[in-house]
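Provided herewith is a single structure, encoded as structure tokens, for subsequent inquiry.
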Amino acid sequence: MDSLIDLSAPSLWMATAAILFNPTFWNTAARTEYHDKTLTKLAGGNSLYACYGLAVTIFILGLFRDFLYERALRAQPSHPLLANPVAQALSVGLLLSGNVLVISSMWALGITGTYLGDYFGILMDEMVTGFPFSVTDAPMYWGSTASFLGTAIWFGKPAGLALTALVAVVYKIALTFEDPFTAKIYAKRAAGGGLKERTEPKGGRTGPKGGVMKPKGA
């Protein structure tokens with residue numbers, strides 16, 4: 001096993017911790033905001049500024065996680081099966097497609113639509129159905145996963161494949177919590193249930209992975 005993945009490398013476990021921490025943090029922070037308005041209170045009662053603050057925090061945490069991931073890969077053994085022109089071409093394709101999904105999702109949703117604005121009462125007027133949501137309902141999550149995989153193959157590291165699998169599992173688990181909760185928020189709006197909202201014109205399902213929200217809460 002050590003010939004494929006060096007389990008004794010501290011950088012591997014630091015990257016693992018960051019991968020597990022980030023979605024846990026933003027889901028906990030967002031739910032605390034939804035129930036107690038904690039971040040809005042810290043922002044002097046301005047929910048928009050609070051959302052921007054969380055967006056900056058999530059973005060920085062993402063950069064730090066990516067730094068730890070690359071650092072972990074550099075300390076891991078390479079495998080010859082991942083060091084060939086076909087594998088390198090595949091890695092480039094994954095990196096390009098992953099970044100296209102992430103960037104186009106952020107463009108479609110905007111800052112508040114991308115970074116959990118619905119938990120702050122900043123809801124969307126209409127759903128996004130065009131690209132990249134015509135490809136997947138969570139383009140930021142799966143685009144990020146594709147980028148992790150592309151990076152692992154580019155460096156030729158089996159450890160990167162294992163960490164990418166962890167990323168996919170963590171995102172899948174996050175979706176099982178986020179999708180029903182987000183649907184509940186929009187269902188409450190549709191029923192006229194007391195959620196003070198600010199609307200944004202671009203629509204779509206919000207969250208750090210993007211996606212499509214059906215306003216009827218279905």
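In the Gaussian network model of the chain, springs joining C-alpha atoms below 10 Å, which of ASN22, ASN99, ASN84 carries the largest mean-square fluctuation?
Maximum among the listed residues: ASN84.
Here is a further query. Taking the Cα centre of region 1-129 as the origin and placing charges on Cβ (Lys, Arg +1; Asp, Glu -1), which of LEU109, THR129, VAL56 is farthest toward the positive end of the dipole?
Looking along the dipole axis, the top candidate is VAL56.
Report, to the nearest whole %, how much of the accessible area of the chain belongs to carbon and sulfur atoms, 1.4 Å probe, protein only. It would help to have the intermediate numbers written out before the result.
Numbers: 7160 of 10390 Å².
That fraction is 69 percent.
Can I ask one more? Helix-only estimate, please: 222 nm mean residue ellipticity of the chain, summing -39500 (n - 2.57) across DSSP H runs of length 4 or more and dividing by its residues, to the nearest 500. Could the numbers behind the result be given before it?
Numbers: 6 runs with 140 residues, N = 218.
It comes out at -22500 deg cm²/dmol, rounded to the nearest 500.
Return the equivalent ellipsoid semi-axes of the chain as a descending list in whole Å, where each equals the square root of 5 times an eigenvalue of the C-alpha gyration tensor.
35, 19, 13
On a 0 to 90° scale, report how tilted helix 10-36 is relative to the longest principal axis of the chain, with both axes built from alpha carbons and the result rounded to the nearest 10.
10
So, one more: Relative to the first principal axis of the alpha-carbon coordinates of the chain, what is the inclination of helix 85-114, with its axis defined by its Cα atoms, in degrees from 0 to 90 and to the nearest 10?
Helix 85-114 sits at roughly 20 degrees to that axis.
If I stretch the segment between GLN88 and SER134 completely, what's the gain in nm (0.36 nm per residue apart, minus their alpha carbon distance), one decimal?
13.8 nm is the gain from fully extending GLN88 to SER134.
From the phi angles alone, apply the Karplus equation (6.51, -1.76, 1.60; θ = phi - 60°) to region 42-59 and give each ³J(HN,Hα) in whole Hz, x where the residue is Gly or Pro.
Couplings: 5, 8, x, x, 9, 5, 5, 5, 5, 5, 4, x, 5, 4, 5, 4, 5, 5 Hz.
Mind giving me the nanometre distance, one decimal, between the label points for SER8 and ALA75, set 7 Å out from Cα along Cα→Cβ?
1.3
Over the chain, average the accessible area per residue using a 1.4 Å probe and give it in Å², no decimals. Can you show the working numbers first?
Details: 10390 Å² over 218 residues.
Heavy-atom accessible area per residue stands at 48 Å².
Would you mind working out the magnitude of the charge dipole of the chain relative to its Cα centre, with +1 at each Lys and Arg C-beta and -1 at each Asp and Glu C-beta, to the nearest 20 Debye?
Working: 18 positive and 14 negative charges, 85 e Å.
Dipole size: approximately 420 debye.
The values are calculated or read from the model by the stated rules, or taken from the named source; none is laboratory data. Not measured: the values here are computed from a predicted model. No Cβ is skipped: glycine too gets one built from the backbone with ideal geometry, and neighbour counts run over all protein chains shown. What goes into the accessible areas is simple: the full protein's heavy atoms, side chains included, and nothing from ligands, DNA or RNA. Shrake-Rupley method; radii C 1.70, N 1.55, O 1.52, S 1.80 Å.
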